[in-house]
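The values are calculated or read from the model by the stated rules, or taken from the named source; none is laboratory data. Values in this document were obtained by computation on a predicted structure and should not be read as measured data. Cβ sites come from the backbone with ideal geometry, for glycine too, and all protein chains shown count toward neighbours. With ligands, DNA and RNA removed, areas are computed over all heavy atoms of the protein, side chains included. Shrake-Rupley method; radii C 1.70, N 1.55, O 1.52, S 1.80 Å.
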Amino acid sequence: MARASSPAKTAVPPSTMDKTKRDSSWWILLIVVTIISFGTRLYKVKEPDHVCWDETHFGKMGSWYINRTFFFDVHPPLGKMLIALSGVLTGYNGSFPFEKPGDKYEGVNYVGMREFCSILGGALIPFTFISIWEMTHSLNAATLSSTLVLFDVGTLTLTQYILLDPILLFFMLASFVGICKFRSLTASDFSVNWWFWLIFTGVTMACCVSVKFVGLFQVTFIGLMTIADIWFILGKLSKPISYTVKHFVARFICLIILPITVYVGFFYVHLVILNKSGNGDGFYSSAFQSKLQGNSLHNASMPKDVAFGAIVTLKNHRTGGGYLHSHWHLYPENVGARQQQITTYAHKDENNRWLVKLYNNDEQLNDTVRFVKHGDMIRLEHVPTRRNLHSHREPAPITKKHYQVTGYGENGTGDYNDVWRVFVDGGIDGSLVSAVISKIKLVHVLQHCVLTTSNKQLPKWAFEQHEVTCSPNLRDTNSFWNVEDNINPKLPNVSFEVYSPNFFARFIESHAVMFQGNAGLKPKEGEVTSKPWQWPINYKGQFFSGNNYKIYLLGNPVIWWGNIFFMVLFNCISIYRAIVNKRRNSENTAVEDSDKILLTTSNWLFIGWCLHYIPFYAMGRVLYFHHYFSAFLYSSMLTGVTISYLLQTIKTSRPTLLRKTIYDVLMGIIYSTVVYSFYLYSPLAYGMSGPLSTEQNSTMFGLRWLDSWEF
């Protein structure tokens, strides 16, 4: 028994020592890593003094918020609103166009927005420290984990620019800190502190999703932790069932109802701010656009019903549908008949205008007004080119089972393949076609097909606009259109304000358009993309700045490859410990408790990594290297906890001076290796000039360890 008691005594101090030193060593280490974090993030934040990578998008969107100009983006609004707010608070007036990467910031106060993102990036390190401490009460684990995040050049690069990623990562780890602090307060249920951290978790979780939809991975993670907690509380047989119900209700309100309310609130602010017409109007329905100042439909006054002789625009009624569009360009050879292209186009344009004509060229309207009714036959003449909307039995460019739609004829004269029959959805004989509110179908009289859009993007010869076809399936779900503009000087105008949607209708439509836009994201020509399998192994980086002053997003290879090694090792340890614990009853309860805490923490961190990484394999949209950094933070924390567990085992299993010396030496090697590797690869983040790393006179010579690295 004497031998068994000795390890028990020596196994407790590491944990208790950390707790007793929280007032001194704990605070000193937290302050040190925090100072270094903000120092490394704000160092050279002004450089380069030109637009880098996606600053061209999110800087531009910040400007649009400042100018209150509506736009379309696939991400929720909070991140862009915060960028705009930081710009306003630091003197940026929203005038810089952010046209393309490489544009100089001449006379523009851009630094405030970069500093804002860098400060949020700097907060990731103390957040890591605090969350790991709350889960393990191990100062070594907290310090190691935060050090790995601190000295990763990839995380540094990603959080120094006007991007959504530092904001996303900030709220992600803030919610993780919140749930860790909350779970550590089991002894003080329903106290003020307990409620604060529960509410804090709910709010930051909502903020995370409000920046990017991938924040839902964090919501899932916190949800799993919450379910585990409720299950544990339910197993407390000394407590009545009402105790479990109270815990469930508290979490339901603060982690479901509150986040939803906050999320909807951000969209309300977003729609209130962006009240002026912009280049994103066309992605939304005609009714949605009527709420935007400067849009042709805002306080619109136009004829209520469509008559022959009117000039109209037709918008596809599916979510995010474009306008029926044509231009002077012809379909190329071997793509059906070499006639004028017909497409859908997401933006308002003169080439979207069509003249509604009688199907029989011999009939004359004179000064009489004849309304277009359900079942009428019409021709549509493209106003700028004077060619008629036409279809025939040639296959469509992409959807070969559909017929090609073209512009045909000269000066409005064509043939009977230009004739279409109008059907109003839900209409009967005599039903009028009304602007904005009527859903109509155009059925080709001779070919018995319906005008539709396949939502497939055409090649560059059609300027990457979307395909329009004539579908033999008359029930095609994308075949509904509505008349948006209705110009007819012969008819009195009426106000369409009554058809303006309320906030919740706009909220729902915004999400439908965003989801569709996200799913349709495809790589542009020459754009650097990557596959999920490449991310953990740091296979390929990404240039943020390709000018003479180069910035290259790449993870610190020592840390990233170390994360892979220790993740595999952790799984091996977990399997080994499970077998050992099953086969024996250890008397060393202190070591058992310490192991259990560290291994339970590692299990949760591994789940966090899986939830933020594996779903990308199922995504059909274009993917980039930076998508991995949420998962990277969890893998780094897992590495820190695993190393701490292994080193504590060396130090405490049979404590001797030699074991303590080995422990200290290994800790020194780990920290010095991480810091030195950061020093070597820091030019990737802070800027490189001169020759590439393959040349001997390069400052990065010898550091290109993989041929796929491009610096």
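Output the residues belonging to the range 330-369 that are part of a loop (DSSP other than H, G, I, E, B), in contact (Cβ under 8 Å) with a residue 40 or more places away in the chain, closer than 16 Å to F463 by Cβ and not basic (K, R). Within the range 330-369, Y331, P332, V335, A346, H347 meet the criteria. Considering (1) open to solvent by 40 Å² or more (accessible area, probe 1.4 Å); (2) within 39 Å of the chain's Cα centre (by Cα); (3) not basic (K, R), the lone condition that G430 does not fulfil carries the number (2).
Residue pairs whose Cβ atoms lie under 6 Å apart, separated by 6 or more positions or on different chains, with the first residue in the range 69-91 and farther than 23 Å from K348 by Cβ and without any contact (Cβ under 8 Å) to a residue 24 or more places away in the chain and the second assigned to a loop (DSSP other than H, G, I, E, B) and open to solvent by 10 Å² or more (accessible area, probe 1.4 Å), are G91/N109.
With the requirement that a residue be open to solvent by 60 Å² or more (accessible area, probe 1.4 Å) and farther than 17 Å from M61 by Cα, what does the range 103-123 give you? Reasoning before the result, please.
So in the range 103-123, the residues open to solvent by 60 Å² or more (accessible area, probe 1.4 Å) come out as 104, 106-107, 109, 115, 119.
Once the filter is applied, which keeps residues that are open to solvent by 60 Å² or more (accessible area, probe 1.4 Å) and farther than 17 Å from M61 by Cα, the range 103-123 yields K104, E106, G107, E115, I119.
The criterion of at least 2 residues that are β-branched (V, I, T), open to solvent by 20 Å² or more (accessible area, probe 1.4 Å) and modelled with pLDDT of 95 or more is met, among helices (runs of 4 or more DSSP H) falling completely within the range 586-702, by 657-681. The set of residues from the range 89-102 being crowded, with 16+ Cβ neighbours inside 10 Å and more than 20 Å from L521 (Cβ to Cβ) comprises Y92, G94, F96. Among residues of the range 294-317 being part of a loop (DSSP other than H, G, I, E, B) and in contact with a Lys or Arg (Cβ under 6 Å, 6 or more places away or on another chain), the one that is surrounded by the most Cβ atoms within 10 Å (Cβ to Cβ) is F308. Tell me yes or no: at least one residue of the range 266-275 is open to solvent by 30 Å² or more (accessible area, probe 1.4 Å), in a helix (DSSP H, G or I) and free of Cβ contacts under 8 Å to residues at least 60 places away in the same chain. Checked the range 266-275: at least one residue is open to solvent by 30 Å² or more (accessible area, probe 1.4 Å), in a helix (DSSP H, G or I) and free of Cβ contacts under 8 Å to residues at least 60 places away in the same chain.
Which members of the range 353-370 meet the condition of being open to solvent by 90 Å² or more (accessible area, probe 1.4 Å) and either at pLDDT 85 or above or closer than 18 Å to V433 by Cα (or both)? Spell out how you get there, then give the answer.
The first filter runs over the range 353-370 and keeps only residues open to solvent by 90 Å² or more (accessible area, probe 1.4 Å), leaving 362, 364, 366-367, 370.
The answer is R370, and nothing else.
Could you check the range 485-499 and list, in sequence order, the residues that are polar (S, T, N, Q) and either modelled with pLDDT under 80 or surrounded by fewer than 18 Cβ atoms within 10 Å (Cβ to Cβ) (or both)? Passing the criteria: N493, S495.
Among the strands (runs of 3 or more DSSP E) confined to the range 370-432, the ones with at least 3 residues that are without any contact (Cβ under 8 Å) to a residue 60 or more places away in the chain are located at 377-382, 388-395, 420-424.
Across the range 153-173, a minimum of one residue is classified as touching a Leu at 6+ places or on another chain (Cβ under 6 Å), open to solvent by 10 Å² or more (accessible area, probe 1.4 Å), part of a helix (DSSP H, G or I) and within 30 Å of L599 (Cβ to Cβ). Note on the range 158-206: residues that are under 16 Å from E134 (Cα atoms) and β-branched (V, I, T) amount to 4.
Selection of first residues in the range 314-325 that are in the same structural domain as E350 (by the TED database) and of second residues that are open to solvent by 10 Å² or more (accessible area, probe 1.4 Å) and of a type in the set (A, V, I, L, M), restricted to Cβ pairs under 6 Å at least 6 apart or on distinct chains, gives the following pairs, ordered by first then second residue: T319/A512; G322/A346.
Being surrounded by 22 or more Cβ atoms within 10 Å (Cβ to Cβ) and either on the phi < 0 side of the Ramachandran plot or within 25 Å of the chain's Cα centre (by Cα) (or both) is not true of T186.
Checked against (1) touching a Gly at 6+ places or on another chain (Cβ under 7 Å); (2) closer than 27 Å to P77 by Cβ, A505 passes all but a single condition, namely (1).
For the range 55-71, give me each residue that is part of a loop (DSSP other than H, G, I, E, B) and either surrounded by fewer than 19 Cβ atoms within 10 Å (Cβ to Cβ) or aliphatic (A, V, I, L, M) (or both).
Filtering the range 55-71 down to residues part of a loop (DSSP other than H, G, I, E, B) leaves 68, 70-71.
Correct list: R68, F71.
Residue-level check: of (1) touching a His at 6+ places or on another chain (Cβ under 8 Å); (2) within 30 Å of S635 (Cβ to Cβ); (3) charged (D, E, K, R), D189 misses just (2). Filtering N455, N502 for residues that are without any contact (Cβ under 8 Å) to a residue 40 or more places away in the chain and either outside the structural domain of P397 (by the TED database) or surrounded by fewer than 20 Cβ atoms within 10 Å (Cβ to Cβ) (or both) leaves a single hit, N502. Beta carbons closer than 6 Å, at least 6 apart along the sequence or on distinct chains, pair a first residue in the range 101-116 that is under 16 Å from S545 (Cβ atoms) with a second that is open to solvent by less than 20 Å² (accessible area, probe 1.4 Å) and of a type in the set (S, T, N, Q) for P101/T56.
Selection of the range 229-265 for residues being closer than 22 Å to N193 by Cα, in contact with a helix residue (DSSP H, G or I) (Cβ under 9 Å, 6 or more places away or on another chain), open to solvent by 70 Å² or more (accessible area, probe 1.4 Å) and among the aliphatic types (A, V, I, L, M) yields I253, I256, I257. Hey, could you check the range 318-337 for residues that are under 13 Å from H390 (Cβ atoms) and touching a Pro at 6+ places or on another chain (Cβ under 9 Å) and say which is surrounded by the most Cβ atoms within 10 Å (Cβ to Cβ)? Result: S326.
Just for the range 548-584: of the residues that are farther than 29 Å from S698 by Cα and within 28 Å of the chain's Cα centre (by Cα), which one is least open to solvent (accessible area, probe 1.4 Å)?
To start, the set of residues in the range 548-584 that are farther than 29 Å from S698 by Cα comprises 564-584.
Adding the requirement that they be within 28 Å of the chain's Cα centre (by Cα) leaves 564, 567.
Working: I564: 59, M567: 22 Å².
The selected residue is M567.
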